[in-house]
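In what follows, a structure is listed as structure tokens, so that the remarks can point back to it.
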Amino acid sequence: MTASEGATALALAAAQAAADKLATDIAILDVSEQLVITDVFVIASAPSERQVQAVVEEVEERLRGLGVKPVRREGERAGRWVLLDYIDIVVHVQHLEERAFYALERLWKDCPVIAFADAAGSVPRV
């Protein structure tokens, strides 16, 4: 089983919102075969707590415009790793240091990658 079209479209919208706020190292992973609780992880990095929060706010605003709100939000107080749970997708916005330390892509390396190209023209690492 692969991620649904709806989950993939939502993940791509979240990734573009993150890119628009200058998030780096954006990755989209199809975790649907490994997890029953979600289909897709969107992972993005930012160099500071303030930038993490800006990325989170943009993702929430963009997805709210598509009619979805997160059912759960974690980590906002510290601002180093914020998780937004939209059921079908989970968005992780991490400070660069947390991203390097926890290496979520390494933990989920067996999962297929969903290609993402920034609409502004640059292609973040996927």
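All of the numbers you see were taken from the coordinates with simple rules; none came from a lab. Quantities reported herein were computed from a predicted structural model and do not represent experimental measurements. Positions of Cβ are generated from backbone atoms using ideal geometry, with glycine treated the same way; all protein chains shown enter the neighbour counts.
State whether the residues of segment 89-102 include one that is farther than 13 Å from residue 23 by Cα, surrounded by 18 or more Cβ atoms within 10 Å (Cβ to Cβ) and charged (D, E, K, R).
yes
Name the residues in segment 36-60 that are surrounded by fewer than 20 Cβ atoms within 10 Å (Cβ to Cβ) and over 14 Å from residue 85 (Cα atoms), would you?
47, 48, 49, 50, 51, 53, 54
Can you give me the ranges of the helices (runs of 4 or more DSSP H) entirely in segment 27-126 with at least 2 residues that are over 13 Å from the mean Cα position of the chain (by Cα), more than 17 Å from residue 13 (Cα to Cα) and acidic (Asp, Glu)?
Once the helices (runs of 4 or more DSSP H) in segment 27-126 are filtered for at least 2 residues that are over 13 Å from the mean Cα position of the chain (by Cα), more than 17 Å from residue 13 (Cα to Cα) and acidic (Asp, Glu), what remains is 96-102.
Is there a residue being without any contact (Cβ under 8 Å) to a residue 40 or more places away in the chain and in contact with an Asp or Glu (Cβ under 6 Å, 6 or more places away or on another chain) anywhere in segment 90-103?
No; the residues of segment 90-103 include none that is without any contact (Cβ under 8 Å) to a residue 40 or more places away in the chain and in contact with an Asp or Glu (Cβ under 6 Å, 6 or more places away or on another chain).
Scanning for something under 14 Å from residue 112 (Cβ atoms) and in a helix (DSSP H, G or I), does segment 10-19 turn up at least one residue?
There is at least one residue in segment 10-19 that is under 14 Å from residue 112 (Cβ atoms) and in a helix (DSSP H, G or I).
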